Amino acid sequence: AAALVCGWLASKLLVPLEHLRAQTRRFAHGELSVRSNESVGRGIPEIDALSRDFNHMAERIEGLIRSQRQLLHFVSHELRTPLTRMQLAIGMAQ
């Protein structure tokens, strides 16, 4: 009976953790839109809290990367415009 109870308890804990681990692995491989189901813990508050924390972290990282890409786009545009003008002026001077 104890083995059955321990097996049931282990599966109740391991299945949600394995799901969360799979989501973190996908996120680590570049799928930034991956989010975990917040009720993955099936009533275990600590696992549900871990899932919410993962989602918050993923949203924050995705936002930071989006901001970085946007900044890089703006900076490259601002650098290209004066360089093009300078190349045009040099071409006209030659």
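The values are calculated or read from the model by the stated rules, or taken from the named source; none is laboratory data. Not measured: the values here are computed from a predicted model. Cβ placement follows ideal geometry from the backbone for every residue including glycine, while neighbour counts extend to all protein chains displayed. In case anyone asks, the SASA skips ligands and DNA or RNA and just uses the protein heavy atoms, side chains included. Shrake-Rupley method; radii C 1.70, N 1.55, O 1.52, S 1.80 Å.
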Accessible area of the chain belonging to carbon and sulfur atoms, whole % at 1.4 Å probe: 64 percent
Extended-chain gain in nm, criterion 0.36 nm per residue less alpha-carbon gap, residue 57 and residue 72: 3.2 nm
Accessible area in square angstrom per residue, the chain, 1.4 angstrom probe: 79 Å²
Burial ranking of peptide ranges 62-72, 44-54 (average Cβ count within 10 Å, highest at the top): 44-54, 62-72
Directionally averaged projected area (convex hull, Cα atoms, the chain), nm²: 7.7 nm²
Residue 12-residue 88 pseudo-label distance in nm [points 7 Å out on the Cα-to-Cβ vector]: 7.2 nm
The chain: relative contact order in percent, alpha carbon pairs under 8 Å with at least 6 residues between: 19 percent
The stretch 1-44 pair-distance distribution - Cα-Cα, 5 Å bins, rounded %: 5, 22, 22, 17, 14, 9, 5, 3, 1
Length added when fully stretched, residue 29-residue 3, from 0.36 nm per residue minus Cα-Cα: 5.6 nm
